[in-house]
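Structure, as structure tokens:
The values are calculated or read from the model by the stated rules, or taken from the named source; none is laboratory data. Not measured: the values here are computed from a predicted model. Neighbour counts are summed over all protein chains in view; Cβ atoms, including those assigned to glycine, are modelled from backbone coordinates with ideal geometry. Surface accessibility is based on the protein's heavy atoms, side chains included, excluding ligands, DNA and RNA. Shrake-Rupley method; radii C 1.70, N 1.55, O 1.52, S 1.80 Å.
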Amino acid sequence: MAAKLLEGKAIAQDIRERLRGRIEELTRQGTQPGLGVVLVGSDPASSTYVNAKERACEELGIKSVDHRLPEDTPETELLRIVDELNRDDTVHGILVQLPLPDQISADRVTMAIDPDKDVDGFHPVNLGRLLRGQECFWPCTPHGVLEILRAGGVKPEGKHAVIVGRSNIVGKPLATMLMQKNETGNATVTVCHTRTPDLSVYTRQADILIAAAGKAATVTGDMLKPGAVAIDVGVNRVDDATKKKGYRLVGDIDFASASEVASMITPVPGGVGPLTITMLLANTVLSAERHRERRGR
Ligand code: GUN
């Protein structure tokens, strides 16, 4: 393996330790940061994510206000809870875990969250502010990608960043952040997707390749420029009879071949994943600080 491993766990730990001081300071001043967490149903992956988010809050001293609702919860009930969290002065961030069951419109729920508490950064107001380069909440996974690049000493400025995937959660906001006129941006950005005819034409030009397509082995070593930085946002289950659970997790990049060509690469698991939750905590702390400032104290 030629590539240096960019380990998200260690980077996340470092950021969490820095957050701890800010949380202690806020709590001393009477504003303990609070995160409202809503889970509808019992999807195993969503439950795992929500549990991990709550555990992380507890470890750092962020108060979490937990709502676990049955699968058949009506949309009106969820909107009522969001409204309650919007009005709750002790809650600075609101997270409604996606996906939601069919009877609930994720769009309506996302838009019901107060943009000043939208620590996921999914509300159209935050996405609009992001596009315009205004103060906003950065969506957590793209923010985590930027933190990994920073920790690896990779400056996007002047580089060609190629993103595979155009989701509202990762591809689109990440493209916006990397093209932004600031020190974490200034890259030339190409966004590829399922209708891109020959993906490798683009991926081979990438100084920084980010895979967020949701499909294993979307990018293989032969599709990379030698020395490229490869960031893998994917989390896919593949059957593996040698594992107790019967599967293992892999990313969107074929790690074995890509790590022979790239200069740096993130593993899956243990790459971008730990950063996503960390940036959610960071946004919650930032929201509590902004809340204090708005109150003029
Ligand atoms: N489902 C998968 N990722 C996310 C996320 O970052 N936030 C929320 N709310 N739901 C998700």
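Only one of the listed residues (Val162, Val65, Val154, Val91) is in contact with a Phe, Trp or Tyr (Cβ under 7 Å, 6 or more places away or on another chain), away from the ligand (no atom under 13 Å from the Cβ) and not polar (S, T, N, Q). That residue is Val162.
Once segment 94-146 is narrowed to residues that are of a type in the set (D, E, K, R), within 15 Å of the ligand (Cβ to nearest atom) and part of a helix (DSSP H, G or I), the residue that is surrounded by the fewest Cβ atoms within 10 Å (Cβ to Cβ) is Asp107.
Residue pairs whose Cβ atoms lie under 8 Å apart, sitting 6 or more positions apart in sequence or on different chains, and linking a residue in segment 109-132 that is under 25 Å from Lys181 (Cβ atoms) to a partner that is open to solvent by 20 Å² or more (accessible area, probe 1.4 Å) and among the hydrophobic types (A, V, I, L, M, F, W, C), are Pro115/Val125; Asp118/Val125; Gly121/Leu127; Gly121/Trp138; Phe122/Ile169; His123/Met111; Pro124/Met111; Leu130/Trp138.
Checked against the criteria, Ser263 does not count as surrounded by fewer than 20 Cβ atoms within 10 Å (Cβ to Cβ), in contact with a helix residue (DSSP H, G or I) (Cβ under 8 Å, 6 or more places away or on another chain) and under 28 Å from Gly158 (Cβ atoms).
Consider only pairs whose beta carbons are under 8 Å apart and that are at least six residues apart or on different chains; among these, list those whose first residue lies in segment 66-83 and is assigned to a helix (DSSP H, G or I) and whose second residue is of a type outside the set (Asp, Glu) and open to solvent by 60 Å² or more (accessible area, probe 1.4 Å). Cβ pairs passing all conditions: Glu75/Gln103; Glu75/Arg108; Leu79/Arg108.
Answer yes or no as to whether Ala56 is among the aliphatic types (A, V, I, L, M), at pLDDT below 95 and in a helix (DSSP H, G or I). Spelling it out, it is not the case that Ala56 is among the aliphatic types (A, V, I, L, M), at pLDDT below 95 and in a helix (DSSP H, G or I). Within segment 248-260, the residues that satisfy the criterion of being in contact with a Gly (Cβ under 6 Å, 6 or more places away or on another chain) and open to solvent by 10 Å² or more (accessible area, probe 1.4 Å) are Ser257, Glu260.
Look at (1) open to solvent by less than 40 Å² (accessible area, probe 1.4 Å); (2) farther than 30 Å from Asn86 by Cβ; (3) in contact with an Asp or Glu (Cβ under 7 Å, 6 or more places away or on another chain) and you find that Leu275 fails only one, number (2). Would you say Ala3 is at pLDDT 95 or above and either within 16 Å of the ligand (Cβ to nearest atom) or of a type in the set (Gly, Ala, Ser) (or both)? So Ala3 passes the test.
Exactly one residue among Arg68, Arg22 is closer than 22 Å to Gly121 by Cβ and either β-branched (Val, Ile, Thr) or open to solvent by 30 Å² or more (accessible area, probe 1.4 Å) (or both), and that residue is Arg22. Report whether or not Ala187 is open to solvent by 10 Å² or more (accessible area, probe 1.4 Å), modelled with pLDDT of 95 or more and among the hydrophobic types (A, V, I, L, M, F, W, C). In short, yes. Considering only segment 201-214, state which residues are surrounded by fewer than 18 Cβ atoms within 10 Å (Cβ to Cβ) and more than 13 Å from Ala258 (Cα to Cα). Answer for segment 201-214, where residues must be surrounded by fewer than 18 Cβ atoms within 10 Å (Cβ to Cβ) and more than 13 Å from Ala258 (Cα to Cα): Val201, Gln205, Gly214. Please determine whether any residue of segment 13-21 is more than 20 Å from the chain's Cα centre (by Cα), more than 24 Å from Val145 (Cβ to Cβ), assigned to a helix (DSSP H, G or I) and free of Cβ contacts under 8 Å to residues at least 40 places away in the same chain. Yes; the residues of segment 13-21 include at least one that is more than 20 Å from the chain's Cα centre (by Cα), more than 24 Å from Val145 (Cβ to Cβ), assigned to a helix (DSSP H, G or I) and free of Cβ contacts under 8 Å to residues at least 40 places away in the same chain. Being closer than 19 Å to Tyr202 by Cα and within 14 Å of the chain's Cα centre (by Cα) holds for only one residue in Gly121, Gly158, Gly144, Gly171, and it is Gly171. Under the condition of being charged (D, E, K, R) and under 15 Å from Gly251 (Cα atoms), which residue from segment 215-240 is least open to solvent (accessible area, probe 1.4 Å)? That would be Asp232.
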